[in-house]
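What follows is a set of notes on a single structure, which appears directly below.
Where a number appears in this text, it was derived from the coordinates with a stated rule and is not lab data. Given the structure is predicted, the values throughout are model-derived calculations rather than measurements. Cβ coordinates were reconstructed from backbone atoms using ideal geometry, including for glycine residues, and neighbour counts include every protein chain displayed.
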Amino acid sequence: MAPSYGYFEKYAGLLDEGDLLGLFDVVKSRAGSLSEAARRCGIERKTIYDMMSEGKEVKRRTKERILRAALTANLEKSIGLLLSKTVKESKEILVSHLSLIYQEAMRAKNPNDFQDVASRFEEVMNQNAGLVAGSLQEEVSSMVGELMTRSSKLAIRYAPPTLRVIGSETLAAAIPGLIGDLLTIPGIDPNDLARKWRIDPGIVTAAQQTVIQHNARFRIDSVEALQVLPVPRKPAQELSPIQAYSWSPISIDRLESGLPALRSAASP
């Protein structure tokens, strides 16, 4: 008994001629010929030629047949093609939705109206954060930039929205600079850093806690390390650069790399 793919076939209506030809190719790669592929899809060869040349509207029943045959021929590849289509459709719908809200905010004449609409923009953006964090991020960021300009004209203190998810490439680019700021700028506001690096404040807070724990661990490790070292015979002001450097709050890895030289210099 052939498996049922009814739970996928309900999305057949989303498919256009190009999508259907891609799915037909999946069937053809298993069938070996166009005629056999058409037979497995339950359609005529002419139907395929019409899709390729005339751009005629394809009936829903035909779409379902081609999709079912493709799912049977190669389930994983066919689902991938279907998913890419639905994601594309979802992105187009989301951009249209955000654009409508954005335009309403840009037309706002008073601060209260602007704030209300801007809150809706942020809510929709974060409800669909996974889509925004991908290829839509640049387009949405452009809208946010224009909203900031509009808010300044209305004399509103507007905090631009940040995504609650972040792409791995964006995170990889932001983390080194974020950690550098946390190590070199005492008492910096996490929200300021979140805006600077365009990431969620929760990520900044987590990084800040890690840095604090790291520094506390350094102080414990450095005291314990120095307790097992012989007392230097030289006056403190004559300590070598590596010894003086090891007293400062640097990373534990750098401290550990400096300890052998420190022991050597402190030995009688």
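So if each residue of separation counts as 0.36 nm, and I subtract the Cα-Cα distance between residue 142 and residue 74, what length gain in nm does that give?
Extra length available between residue 142 and residue 74 comes to 20.5 nm.
If R0 is 35 Å, what FRET efficiency do you get for residue 195 and residue 110 from their C-beta distance, rounded to 0.05?
Taking R0 as 35 Å, the efficiency between residue 195 and residue 110 is 0.90.
For residue 57 and residue 170, what is the calculated FRET efficiency with R₀ set at 41 Å and r taken between the beta-carbons, to the nearest 0.05?
0.50
Answer rounded, prolate or oblate for the stretch 6-73, using the Cα gyration tensor with square roots of eigenvalues a ≥ b ≥ c: rounded when a/c is under 1.5, else prolate when a/b is larger than b/c, else oblate.
The shape class here is oblate.
Pull up the cross-link candidates among the lysines for residue 196, meaning alpha carbon to alpha carbon under 29 Å and not fewer than 8 places away within one chain.
Partners found: 91, 109, 153.
Per residue of the stretch 146-159, what does 6.51 cos²θ - 1.76 cosθ + 1.60 with θ = phi - 60° give for ³J(HN,Hα)? Whole Hz please, x for Gly and Pro, Karplus curve as stated.
Working through the residues one at a time gives 5, 5, 5, 5, 5, 5, 5, 5, 8, 6, 10, 7, 10, 8 Hz.
Cα gyration tensor of the stretch 119-205, axes a ≥ b ≥ c as square roots of the eigenvalues: rounded (a/c below 1.5), prolate (a/b > b/c) or oblate?
Oblate.
With +1 assigned to the C-beta of every Lys and Arg and -1 to the C-beta of every Asp and Glu, and no other charges, what is the dipole magnitude of the stretch 6-73 about the Cα centre in debye, to the nearest 20?
With Lys and Arg at +1 and Asp and Glu at -1, about 320 debye.
Towards the positive end of the charge dipole of the stretch 87-153, with charges on Cβ (+1 Lys, Arg; -1 Asp, Glu), say which of 100, 90, 110 has the farthest Cα.
Of 100, 90, 110, it is 110.
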